[in-house]
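Just below is one structure, and these are the notes that go with it.
The values are calculated or read from the model by the stated rules, or taken from the named source; none is laboratory data. Because the structure is predicted, anything quoted here is derived from the model rather than measured. Heads up, the Cβs are rebuilt from the backbone with ideal geometry, glycines too, and the neighbour counts pull from every protein chain shown. We work out accessible area using only protein heavy atoms, side chains counted, and drop any ligands, DNA or RNA first. Shrake-Rupley method; radii C 1.70, N 1.55, O 1.52, S 1.80 Å.
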Amino acid sequence: MNANPQHQALQPIQLHLGKSVAKPLTPSPERAATQRWSVDAVEALFNLPFNDLMYRAQQVHREHFNANEVQLSTLLSIKTGGCPEDCGYCPQSVHHETGVEASKMMERDAVMDAARSAQALGATRFCMGAAWRAPKDRDIEKVADMVRGIKSLGMEACCTLGMLNGEQARSLKEAGLDYYNHNLDTAPETYGNIITTRDYQDRLDTLAHVRDVGLSVCSGGIVGMGENRRDRAGLVAQLANLEPYPESVPINELVQVEGTPLHGTEALDPFEFVRTIAVARITMPTARVRLSAGRQQMSEAVQALCFLAGANSIFYGEKLLVTGNPDADRDRALLDKLGMTAAL
Ligand code: SAM
Ligand code: DTB
Ligand code: SF4
């Protein structure tokens, strides 16, 4: 037996899941034995000396992936602004004066042009985002048509449209959608400080609908919103304890937009961001961990540390939804410098 309590805390523990956790339809065999992580165990990972944490993350990463490959996803905002939700980080909420105008849903042809350009630049996944609390059924029909278009190009398709019911999730699945993105964003305890127009259980319910119809799950969160390390551990534990855990885990650093309540929040120490990536990698070994929003403000050295910590996906293309992202040629130059290649 290990006498060091920290080492004991590093072992995931097996527990039965409560009602509130999304259930899988048919977990793949390697995911069937998902282990439950206590917040203490995840926090103990965060508390490791930096080099030990990086070593452990690299070991896990190399067991499951080519450590020199990164998956490229391109985002497109197909319906921007005017969102009735009050998420404190988001420039697209009607509750905040950010100068983002509400616009109508894009036409299918324009979406297809954007997808073809993304594919020509090397993206393999195309993610369509909409500033909705929850789509209407007629919105789903239009988006399903876009999904069929993306699939006809041979790309992976992902959508992030807000809360879904089971029927809507099924329509998207039938159209060929691969992934649905729906972030838990923060720990359950801090959710009410950031968003008041919905609760954590709403997020878990949508994730359960998405799983139930056999869609792959993309779910992660935002760090740098003034939370503490325990809160970050709480977010990662929630994600890792979904059964099965998400196939894609976007870790966003808050992009501070003037006019949002979180503008002016003290910036997160870059090493803490890298630690979050490493802890996500260790607790969700086969997931694509995506170094997501915040790269425009991030040095190349910190991005390289994120790859070392197990990030193996990025948002690729000059724009996220409404804010900027590094240009594609800058990203290709960075990957070249690091001897990394795009996953096919
Ligand atoms: N409306 C849908 C929803 O909230 O689920 C989909 C679009 S919403 C913009 C998708 C995600 O973008 C959010 O869950 C959040 O993680 C991320 N996001 C929004 N604003 C952000 C910001 N300023 N910085 C970092 N991530 C942000
Ligand atoms: C995710 O986790 N991050 C993306 C995507 N999923 C939809 C969005 C980031 C948004 C950053 C601020 C903006 O441009 O609106
Ligand atoms: Fe709306 Fe999504 Fe922005 Fe929240 S994060 S305000 S739900 S677009």
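If you go through region 61-103, how many residues are under 25 Å from Arg198 (Cβ atoms), open to solvent by 20 Å² or more (accessible area, probe 1.4 Å) and either among the β-branched types (Val, Ile, Thr) or in a strand (DSSP E or B) (or both)?
Qualifying residue count for the region: 7.
If a residue has to be within 9 Å of ligand 1 (Cβ to nearest atom), within 12 Å of the chain's Cα centre (by Cα) and either in contact (Cβ under 8 Å) with a residue 60 or more places away in the chain or open to solvent by less than 30 Å² (accessible area, probe 1.4 Å) (or both) to count, how many in region 224-264 make the cut?
Qualifying residue count, region 224-264: 2.
Kindly list, by first and then second residue, each pair from a residue in region 45-60 that is part of a helix (DSSP H, G or I) to a residue that is open to solvent by 70 Å² or more (accessible area, probe 1.4 Å) and of a type outside the set (Ser, Thr, Tyr), limited to pairs with Cβ atoms under 7 Å and residues at least 6 apart or on different chains.
Filtered contacts from region 45-60: Phe50/Phe271; Met54/Leu308; Gln58/Leu308.
Can you name every residue in region 288-342 that is open to solvent by 10 Å² or more (accessible area, probe 1.4 Å), part of a loop (DSSP other than H, G, I, E, B), on the phi < 0 side of the Ramachandran plot and more than 16 Å from ligand 1 (Cβ to nearest atom)?
Ser299, Glu318, Asp327, Leu338, Met340
Just to be sure, is Leu75 in contact with a Ser or Thr (Cβ under 6 Å, 6 or more places away or on another chain) and within 15 Å of ligand 3 (Cβ to nearest atom)? Walk me through it before giving the result.
Numbers: in contact with a Ser or Thr (Cβ under 6 Å, 6 or more places away or on another chain): no; within 15 Å of ligand 3 (Cβ to nearest atom): yes.
When the stated conditions are applied, Leu75 does not pass them.
Take the conditions under 22 Å from Ser73 (Cα atoms), touching a Lys or Arg at 6+ places or on another chain (Cβ under 6 Å), touching a residue at least 12 places away in the same chain (Cβ under 8 Å) and not basic (Lys, Arg) and apply them to Pro285. Does it pass?
On the way: under 22 Å from Ser73 (Cα atoms): yes; touching a Lys or Arg at 6+ places or on another chain (Cβ under 6 Å): no; touching a residue at least 12 places away in the same chain (Cβ under 8 Å): yes; not basic (Lys, Arg): yes.
Spelling it out, it is not the case that Pro285 is under 22 Å from Ser73 (Cα atoms), touching a Lys or Arg at 6+ places or on another chain (Cβ under 6 Å), touching a residue at least 12 places away in the same chain (Cβ under 8 Å) and not basic (Lys, Arg).
Only one of these conditions is not met by Arg116: (1) within 14 Å of ligand 3 (Cβ to nearest atom); (2) of a type outside the set (Gly, Ala, Ser); (3) open to solvent by 30 Å² or more (accessible area, probe 1.4 Å); (4) touching a residue at least 24 places away in the same chain (Cβ under 8 Å). Which number is it?
With respect to (1) within 14 Å of ligand 3 (Cβ to nearest atom); (2) of a type outside the set (Gly, Ala, Ser); (3) open to solvent by 30 Å² or more (accessible area, probe 1.4 Å); (4) touching a residue at least 24 places away in the same chain (Cβ under 8 Å), Arg116 is out only on (1).
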